[in-house]
Amino acid sequence: MKSVLNRPIVIHLPSSPSYLPVMRATLGKLCELVGFDRETAGAVVLSMDEALTNIIKHAYGGAEDGVIDIELAPVGEPEPEAVKISLRDYGPAVDPKKIKSRDLDDVRPGGLGVHIIKKCMDTVEYAPADGGGTLLTMVKKLNSQKGKDKV
Amino acid sequence: MNQDSHSSPVQSERWVGRATVVEVAGDIDLHRSSQFQQSLLDVVDRNPERIVVDLGGVGYMDSSGVASLVKLLSRTRKTGVGLRLVGLTRRVQSVFEITRLNTVFEICQTEEEALA
């Protein structure tokens, strides 16, 4: 029987930075199995890491007792053509229009995560989640050239 | 890369003349960046003429790690200390390129170049 990647991985992640390496390893392996080259997989992993970091810092204010619902889904039939990453937090609602990249000419620590995510991923959507919090959905296509050779 | 997530990313410091070479290893993310930043700022307090940060042992760095280096850059500029980075892996180099910080930092290919 042929083994196929056609079902999502669902994880309820504690909002602790200690778990970030676990998620990077998981997504990195999934990207490899889906067929991403090493550079593109690195860009996808970095994007998820940046998004989780923002949730931990801003949605939960650094509190480690929150939960982040994560879904990592291969997309496409019969073979995966993309990977979709969904991250849902239960923090205070944020107006998606206010989540923006900042001016890179302003050299200062912080605020680079959203820029990196938008630079590396094909689709990035923030939306209010049902019942509160924010749902971030990111998609990376297998044949994407965006962010190629970056990471 | 295997690492103890609780250990400091700064593995060693050594003086070369009036410069300090700081060797960094492991993954640097939100979990380790504050310790990384503090270790770097402590080096400035020892008053070297130049700091060379060797990132050759860093397999992964996110924007929180980059932010620690930007903080170090700001401190060194204020105090008149030179700062150069060396040994960036392709993956770390790419993060600097995406954020265009490769045009802000002095990035060298070798330690000799960084110390020259």
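Data overview
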quantity: Residue check, residue A:37 over 25 Å from residue B:68 (Cβ atoms) and surrounded by fewer than 20 Cβ atoms within 10 Å (Cβ to Cβ); calculated: yes
quantity: Where a residue in region A:94-110 is more than 8 Å from chain B (Cβ to nearest Cβ) and its partner, wherever it lies, is among the polar types (S, T, N, Q), with Cβ under 6 Å and at least six apart; calculated: A:94/A:134
quantity: Filter result for the condition that a residue is surrounded by fewer than 21 Cβ atoms within 10 Å (Cβ to Cβ), over 13 Å from the mean Cα position of the chain (by Cα) and outside any helix (DSSP H, G or I), over B:14, B:91; calculated: B:14
quantity: Residue A:45 vs. criteria modelled with pLDDT of 95 or more, surrounded by 15 or more Cβ atoms within 10 Å (Cβ to Cβ) and farther than 28 Å from residue B:68 by Cα; calculated: no
quantity: Test: residue in region B:57-79 that is away from chain A (no Cβ under 13 Å), loosely packed, with under 14 Cβ neighbours inside 10 Å and out of contact with any Phe, Trp or Tyr (no Cβ under 6 Å at 6 or more places or on another chain); calculated: yes
quantity: Filter result (free of Cβ contacts under 8 Å to residues at least 12 places away in the same chain, more than 22 Å from residue A:118 (Cβ to Cβ) and either hydroxyl-bearing (Ser, Thr, Tyr) or within 14 Å of chain B (Cβ to nearest Cβ) (or both)) within region A:22-51; calculated: A:22, A:25
quantity: Residue within region B:89-110 that is touching a Pro at 6+ places or on another chain (Cβ under 9 Å), more than 8 Å from chain A (Cβ to nearest Cβ) and of a type in the set (A, V, I, L, M) present; calculated: no
quantity: Residue in region A:57-64 that is without any contact (Cβ under 8 Å) to a residue 60 or more places away in the chain, more than 14 Å from chain B (Cβ to nearest Cβ) and surrounded by fewer than 21 Cβ atoms within 10 Å (Cβ to Cβ) present; calculated: no
quantity: Top-ranked residue in region B:18-38 [being crowded, with 18+ Cβ neighbours inside 10 Å and not in a strand (DSSP E or B); ranked as farthest from the other protein chains (Cβ to nearest Cβ)]; calculated: B:36
quantity: Selected residue (criterion: surrounded by the most Cβ atoms within 10 Å (Cβ to Cβ)) from residues of region A:112-128 that are modelled with pLDDT of 95 or more and in a loop (DSSP other than H, G, I, E, B); calculated: A:121
quantity: Residues being touching a residue at least 12 places away in the same chain (Cβ under 8 Å) and either more than 20 Å from residue B:37 (Cα to Cα) or in a loop (DSSP other than H, G, I, E, B) (or both) - total across region B:94-116; calculated: 11
quantity: Residue match in region B:71-87 (condition: in contact with a Gly (Cβ under 7 Å, 6 or more places away or on another chain), small (Gly, Ala, Ser), closer than 29 Å to residue A:103 by Cα and in a helix (DSSP H, G or I)); calculated: no
quantity: Qualifying residue in region A:11-21 (condition: in a helix (DSSP H, G or I) and either aliphatic (A, V, I, L, M) or touching a residue at least 60 places away in the same chain (Cβ under 8 Å) (or both)); calculated: yes
quantity: Selection from region A:76-107 of residues that are surrounded by 13 or more Cβ atoms within 10 Å (Cβ to Cβ) and of a type in the set (D, E, K, R); calculated: A:81, A:84, A:88, A:89, A:102
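The values are calculated or read from the model by the stated rules, or taken from the named source; none is laboratory data. As the structure is a computational prediction, the values presented were derived from the model and not from experiment. We place every Cβ from the backbone using ideal geometry, glycine too, and count neighbours over all the protein chains shown.
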